[in-house]
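Chemist: Before I ask anything, let me first share the structure, which is written out below as structure tokens.
The values are calculated or read from the model by the stated rules, or taken from the named source; none is laboratory data. Predicted model, so just to flag it, every value in this text is computed and none were measured. Cβ: placed from backbone, ideal geometry, glycine included. Neighbour counts: every protein chain shown. Protein only, heavy atoms only, side chains kept; ligands, DNA and RNA dropped before computing areas. Shrake-Rupley method; radii C 1.70, N 1.55, O 1.52, S 1.80 Å.
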Amino acid sequence: MDAAEFRKRGKEMVDYVADYLEKIEKRQVFPDVEPGYLRPLVADCAPQDPESFEEVFKDIERIIMPGVTHWHSPYFFAYFPAASSFPALLADMLCGGIGCVGFSWAASPACTELETIMLDWLGKMINLPEEFLAGKDGQGGGVIQGSASEATLIALLAARTKTIRQMQSERPELTEAEIMGRLVAYASDQAHSSVERAALIGAVKIKNVPSDDTFTVCGSALKKVLDEDKAAGLIPFFFCATLGTTSCCSFDKLLELGPICNKENIWMHIDAAYAGSAFICPEFRHLLNGVEFADSFNFNPHKWLLVNFDCSAMWVKKRTDLIGAFKLEPLYLQHHHQESGLVTDYRHWQIPLGRRFRSLKLWFVLRMYGVKGLQEHIRKHIRLSHQFEHLVLQDERFEICAEVVLGLVCFRLKGSNELNEALLKSINDAKKIHLVPCHLREKFVLRFAICSRTVESTHVKFAWKHISQLATDLLKTWEQNHHQQ
């Protein structure tokens, strides 16, 4: 394919993507395929001779689309949103076109500098304390990670290195292995599984701090666990607080937890993967109060801020904590500007060496929507979740299982877990809308997340009518079976 054909095919692909997104609600939200569907549809091995673009293009609908779950359908209410917008898609094209691998400033100065500035823009939008911003001569700063899981892992590894060095300077007789064996990380029993995974990769113990009846961790619960562990000779070093848990969007009490972590010299990382985007709205910013106690903070613009995956924003108060943990300087990566103080080499802030020019997506979206446009997007989703909550509350067969704060509603039929499992199965078997469940304590709960950029009140009403009808049908058959037994 030469440049001339690329121009032609590129326009066709843009038309295809635009058509796909414009007409997405006509597609069944969840595919009909069975595992292994794809193998019989493609050749056993790569072709020896080149095929034409037409041949490849026509196979998109024949082979790929039948197996796609349409995350951007207005009937998709599962997981959390995956952000998407036309400005972000265009920026992704430019990112692919430039094709730099921006591991250091010298490897692509614009790639590094735009990222530093965009993370400052974003930090100011959510009113992050000054210490987290790079500014002209700040000690903190932001970086784009691939996911919130990576941000948690980076924070845990940096905290581990910092604690080991500190312990060794205080007690030189201790070996690194002895210290490692006593380190403990902590997170809520509602925290995302990626926190446990970070501890697994970091080879340290992790303990769950019990949450209260609103699925929130408070200061007294953390203090109790810390006191027990310190008495047993363990070394608490890291706590991951969650703002907007995956199961039910609950918020840990930062204003109680932060001072404890600071006093005990424990690194506090805040995972606000989904909820963080809402903090651009002044009326939701109070949910971030207490961030001033944290050492690192992360949220995903690729969930709810119209920036396509992957773009996970992470800030640290002291960038030397990250660089100190990960810095290695082989000669082939050194450059003569690296000690200038104005230069960030992001390879020291992340797991991989290579990185894409992801800040372009932020730059396009923040400029073309503006803060006001993004606030309206967030507010609309939250209005729709309260609309769904209201519909549920009007039906006495159902209950709401957790406070609706942002765009997630946790609900269920009053009754057994088996009944609710059957309801979810009938919803997802019908494939008109798509939902996923969670467990809240011993209850099996259905999650209804407002996801699509194009979702409207009509889609929410349709979803509720559909759920309500399936519940009516299900309850009839359950009662009949119950009577027969």
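Chemist: State yes or no: is S193 within 23 Å of the chain's Cα centre (by Cα) and crowded, with 22+ Cβ neighbours inside 10 Å?
Modeler: In short, no.
Chemist: Can you tell me which residues in region 265-296 are among the polar types (S, T, N, Q), farther than 27 Å from A78 by Cβ and crowded, with 24+ Cβ neighbours inside 10 Å? Steps first, answer last, please.
Modeler: First, pick out the residues of region 265-296 that are among the polar types (S, T, N, Q): 265, 277, 289, 296.
Checking the rest, the ones that are also farther than 27 Å from A78 by Cβ come to 265, 289, 296.
S296, the sole residue that qualifies.
Chemist: May I pose another question? Any residue at all in region 102-114 that's open to solvent by 30 Å² or more (accessible area, probe 1.4 Å), in contact (Cβ under 8 Å) with a residue 12 or more places away in the chain and touching a Leu at 6+ places or on another chain (Cβ under 6 Å)?
Modeler: There is at least one residue in region 102-114 that is open to solvent by 30 Å² or more (accessible area, probe 1.4 Å), in contact (Cβ under 8 Å) with a residue 12 or more places away in the chain and touching a Leu at 6+ places or on another chain (Cβ under 6 Å).
Chemist: Out of all the residues in region 202-217, is one or more among the charged types (D, E, K, R) and either touching a residue at least 40 places away in the same chain (Cβ under 8 Å) or farther than 30 Å from F444 by Cα (or both)?
Modeler: Start the filter on region 202-217 by keeping residues that are among the charged types (D, E, K, R), which leaves 205, 207, 212-213.
Pick out the ones that are also either touching a residue at least 40 places away in the same chain (Cβ under 8 Å) or farther than 30 Å from F444 by Cα (or both) and you get none.
Scanning region 202-217, I find no residue that is among the charged types (D, E, K, R) and either touching a residue at least 40 places away in the same chain (Cβ under 8 Å) or farther than 30 Å from F444 by Cα (or both), so the answer is no.
Chemist: Ok, one more. Is there a residue in region 71-87 that is small (G, A, S) and part of a helix (DSSP H, G or I)?
Modeler: Within region 71-87, none of the residues are small (G, A, S) and part of a helix (DSSP H, G or I).
Chemist: Shifting gears a bit: I'd like to verify a number: residues in region 424-455 that are touching a residue at least 40 places away in the same chain (Cβ under 8 Å) and either in contact with a Lys or Arg (Cβ under 8 Å, 6 or more places away or on another chain) or part of a strand (DSSP E or B) (or both), how many?
Modeler: So the count comes out to 11.
Chemist: Please find, within region 244-264, the residue that is most open to solvent (accessible area, probe 1.4 Å) out of those that are in contact with a strand residue (DSSP E or B) (Cβ under 9 Å, 6 or more places away or on another chain) and assigned to a helix (DSSP H, G or I).
Modeler: Checking each candidate, the answer is N262.
Chemist: At pLDDT below 75, part of a loop (DSSP other than H, G, I, E, B) and either open to solvent by less than 70 Å² (accessible area, probe 1.4 Å) or under 19 Å from G407 (Cα atoms) (or both) - does that describe any residue in region 306-328? Reasoning before the result, please.
Modeler: Going through region 306-328, the residues at pLDDT below 75 turn out to be 326-328.
Okay, now just the ones that are also part of a loop (DSSP other than H, G, I, E, B), so 327-328.
Still in the running and either open to solvent by less than 70 Å² (accessible area, probe 1.4 Å) or under 19 Å from G407 (Cα atoms) (or both): none.
Scanning region 306-328 turns up no residue that is at pLDDT below 75, part of a loop (DSSP other than H, G, I, E, B) and either open to solvent by less than 70 Å² (accessible area, probe 1.4 Å) or under 19 Å from G407 (Cα atoms) (or both).
Chemist: Same structure again: What residue, among those in region 70-101 that are of a type in the set (F, W, Y) and open to solvent by 30 Å² or more (accessible area, probe 1.4 Å), is modelled with the lowest pLDDT?
Modeler: Y79
Chemist: Which residue pairs have Cβ atoms under 6 Å apart, sit 6 or more places apart or on different chains, and have a first residue in region 456-479 that is over 22 Å from E418 (Cα atoms) and touching a residue at least 40 places away in the same chain (Cβ under 8 Å) and a second that is open to solvent by less than 30 Å² (accessible area, probe 1.4 Å) and not polar (S, T, N, Q)?
Modeler: The qualifying pairs are H459/P74; V460/L384; V460/F388.
Chemist: Can we say A430 is surrounded by 20 or more Cβ atoms within 10 Å (Cβ to Cβ), of a type in the set (A, V, I, L, M, F, W, C) and out of contact with any Asp or Glu (no Cβ under 7 Å at 6 or more places or on another chain)?
Modeler: Taking the combined requirement at face value, the residue does not satisfy it.
Chemist: Can you confirm whether K207 is open to solvent by 20 Å² or more (accessible area, probe 1.4 Å) and modelled with pLDDT under 90? Spell out the reasoning first.
Modeler: Numbers: open to solvent by 20 Å² or more (accessible area, probe 1.4 Å): yes; modelled with pLDDT under 90: no.
Considered against the rule, which asks whether it is open to solvent by 20 Å² or more (accessible area, probe 1.4 Å) and modelled with pLDDT under 90, K207 comes out as no.
Chemist: On to the next question. Using the structure shown, decide if I270 is under 15 Å from the mean Cα position of the chain (by Cα), within 25 Å of A325 (Cα to Cα) and among the β-branched types (V, I, T). First the steps, then the outcome.
Modeler: Working: under 15 Å from the mean Cα position of the chain (by Cα): yes; within 25 Å of A325 (Cα to Cα): yes; among the β-branched types (V, I, T): yes.
Answer is yes for this residue.
Chemist: Among the residues of region 4-11, is there at least one that is surrounded by 10 or more Cβ atoms within 10 Å (Cβ to Cβ) and part of a loop (DSSP other than H, G, I, E, B)?
Modeler: Taking every residue of region 4-11 in turn, none turns out to be surrounded by 10 or more Cβ atoms within 10 Å (Cβ to Cβ) and part of a loop (DSSP other than H, G, I, E, B).
Chemist: Restricting region 381-405 to residues that are in a loop (DSSP other than H, G, I, E, B) and within 28 Å of the chain's Cα centre (by Cα), which is surrounded by the fewest Cβ atoms within 10 Å (Cβ to Cβ)?
Modeler: Checked region 381-405; the qualifying residue surrounded by the fewest Cβ atoms within 10 Å (Cβ to Cβ) is E403.
Chemist: Right, next: For residues that are open to solvent by 80 Å² or more (accessible area, probe 1.4 Å) and in contact with a strand residue (DSSP E or B) (Cβ under 8 Å, 6 or more places away or on another chain), tally how many sit in region 46-69.
Modeler: Residues that pass the stated criteria total 0.
Chemist: Counting just the residues of region 175-190 that are hydrophobic (A, V, I, L, M, F, W, C) and within 20 Å of A155 (Cβ to Cβ), which one comes out most open to solvent (accessible area, probe 1.4 Å)? Working first, answer last.
Modeler: Step one: of region 175-190, the residues hydrophobic (A, V, I, L, M, F, W, C) are 177, 179-180, 183-185, 187.
Next, from what is left, pick out any that are within 20 Å of A155 (Cβ to Cβ): 179-180, 183-185, 187.
On the way: I179: 1, M180: 42, L183: 0, V184: 0, A185: 0, A187: 2 Å².
The extreme case among them is M180.
Chemist: Here is a further query. When you go through (1) closer than 17 Å to C311 by Cα; (2) of a type in the set (F, W, Y); (3) open to solvent by less than 30 Å² (accessible area, probe 1.4 Å); (4) part of a helix (DSSP H, G or I) one by one for F357, which number turns out not to apply?
Modeler: (4)
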